[in-house]
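*Asks:* Below you'll find the structure I mean.
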Amino acid sequence: MVYLNRIYTKTGDDGTTGLGNGTRVPKTHPRIAAYGGVDELNSVLGLLLADCPQFEHAEWLLQIQNDLFDLGADLCVPEAEPEPLDENDKGDTAVVEATRPPLRVVESQVERLEGWIDTANERLSPLTSFVLPGGTPQAARLHLARTVCRRTEIGVLQLAEFEQINECVTWYLNRLSDLLFVLARCANGNGAGDVLWEPGKGR
């Protein structure tokens with residue numbers, strides 16, 4: 001259970017912030033940018049749900065929002081081998097709490113997205129060109145979420161270039177962007193309202 005009592009602490013006034021393992025890093029650190037992107041993506045989905053409360057797949061998006069908090073928690077704690085408990089510490093509640101395994105995204109969460117993609121995609125006809133972002137307000141917001149998701153995935157991959165991360169995080173974001181694309185087509189009359197790219201049309 002998370003308990004938040006005080007919102008401002010002033011500890012970040014020096015340009016640093018604390019990770020889930022207690023270490024402090026600059027707010028410009030790629031790890032902060034990575035889970036900041038996850039937070040932005042979550043907010044975009046929240047805006048979609050607020051503006052389109054009757055969205056057909058609202059329950060899916062609510063589950064995804066919860067999953068995205070899992071992703072943020074995962075990225076907030078660097079991958080590391082847990083320190084073995086000293087025999088004298090095993091009865092110390094504070095020590096046990098501090099050494100509890102961090103929350104990690106798991107493959108079943110990725111597989112759930114894959115199932116949703118397959119289910120939603122069954123309603124759609126094959127594409128003959130790329131889709132221009134837009135259409136209905138729901139579809140436009142889903143396309144916006146898709147692009148934020150892609151950018152967030154890139155940020156996580158940039159972090160992974162020099163720090164170890166849970167690969168399920170990148171798998172999840174990759175599948176999520178695909179799901180958001182499919183849902184945008186569903187929101188455009190199952191693809192009937194998609195506006196297709198016409199290469200060179202404006203030349």
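*Asks:* From (1) closer than 20 Å to residue 40 by Cα; (2) not in a loop (DSSP other than H, G, I, E, B), pick out the condition that doesn't hold for residue 133.
*Replies:* Status for residue 133: all satisfied but (2).
Table: residues versus (1) more than 15 Å from the chain's Cα centre (by Cα); (2) part of a strand (DSSP E or B); (3) not basic (Lys, Arg).
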{"site": "146", "(1), (2), (3)": "no, no, no"}
{"site": "156", "(1), (2), (3)": "no, no, yes"}
{"site": "170", "(1), (2), (3)": "no, no, yes"}
{"site": "178", "(1), (2), (3)": "no, no, yes"}
{"site": "193", "(1), (2), (3)": "yes, no, yes"}
{"site": "198", "(1), (2), (3)": "yes, no, yes"}
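Every read-out reported here was derived from the displayed coordinates using simple, explicitly stated rules and does not represent laboratory data. Note that the coordinates shown come from a computational prediction; the quantities given were computed from them, not determined experimentally.
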